[in-house]
Amino acid sequence: MHALPLHSTVPVRCAADALDLLALAMRHPLQHEVLSFLLDPEGVGGLLVAVEGTHAPDALVDVVQLMARVGEAVPWAASLVVATVRPAGGVLPGDADRWLEASAVADEFHIRLMEWFVVSPLGIVCPRDLLGEPERWPE
């Protein structure tokens, strides 16, 4: 696991903003990892955390729990963005359930899971789309 400071004070207000930040930390060639960062109510973050070697699909929930626990202890933290990098493929069976579980875990710590991206050579997918849930980004 390693952390990178987010040097931008520009708010993350949409998926494209979040993906721009995640792209700065993502390893190339793609490797199994889960990237995440907390945001304040205005969408500004402070640290991007990368957990390497996350081959198990349920590693997402473990990382969300870790980051939400940290977020609960940080007075400014309001929401969380997460990306799972899967170099061998994209969405897996059970990802819709993982989205629901990760959202519930974050809620337990009073942190809103804004988005979960699955990144692969096939592209980028948001598992909440599998359920037809609307985006959670501010309008």
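Any read-out appearing in this document is the output of simple, stated calculations on the displayed coordinates, not a laboratory observation. Not measured: the values here are computed from a predicted model. Using ideal geometry, Cβ is built from the backbone for each residue, glycine included, and neighbour counts are taken over all protein chains shown.
Here is how the numbers come out for the structure above:
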quantity	calculated
DSSP beta bridge pairing in segment 2-131, given as percent antiparallel to the nearest 5	75 percent
Histogram of C-alpha separations across segment 2-131, 5 Å bin width, %	2, 12, 24, 26, 22, 11, 3, 0
Modelled FRET efficiency - R0 25 Å, residue 88 with residue 28, Cβ distances, 0.05 increments	0.95
Alpha-carbon centroids, segment 106-139 and segment 39-56: separation in whole Å	13 Å
Fluctuation leader among 100, 24, 39 - the chain, Gaussian network, Cα springs under 10 angstrom	24
